[in-house]
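Here is the structure we will look at.
Throughout, read-outs are computed from the coordinates displayed, never taken from laboratory work. A quick note: this is a predicted structure, and the numbers were derived from the prediction, not measured. In this analysis, Cβ positions are derived from the backbone assuming ideal geometry, glycine residues included, and neighbour counts consider all displayed protein chains.
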Amino acid sequence: MPKYLLIMRGTDESNAAMMADIDEMMATTRQFIEEMVKAGVLLAAEGLDDPGQGVVVDFSGEAPVVTDGPYGETKELFGGFFLLDVASKQEAVEWAKRVPAAPGSKIEVRRVPGSDEVPQVDK
């Protein structure tokens, strides 16, 4: 079965709304994860730390440049993901529509190509 990544993307506003009622959001998310486990579709799920705690490695110049925090002009930030093993894109979309998310958030659904689809380098 194909794998699909549900990418959680939020804005400063949607992240603040989520943090305002974090206990309820966490309980709802745990319940959602349990449903995916029972359905046998969840392969992995992770949330990410505050973007201000990360760094960006920029390869625009001759040498990589490391700066603190997210990109300067961020409107949406990648906040975490669910990796699902489902039969189709439509099934992944149906799970994405059920993700507990704050208003203003988005869930991007992307297929993960199998190893047989990745171009191989001749040796």
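Computed quantities for the displayed model
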| read-out | value |
| --- | --- |
| Amide H contacts under 5 Å for GLY80, placed H, 5+ residues apart | MET8, LEU48 |
| Among THR11, VAL41, MET25 - extreme Cα towards positive end, dipole of the stretch 3-114, charges at beta-carbon | VAL41 |
| Relative contact order computed over the stretch 3-114 (Cα-Cα under 8 Å; 6+ residues apart), in percent | 52 percent |
| Proximal aspartates and glutamates to LYS106, defined as alpha-carbon separation beneath 13 angstrom and excluding residues fewer than eight positions away on the same chain | ASP12, GLU13, GLU76 |
| Within the chain, longest stretch free of exposed GluC sites (Glu not before Pro) [DSSP loop, at most 13 other beta carbons within 10 Å] | 1-61 |
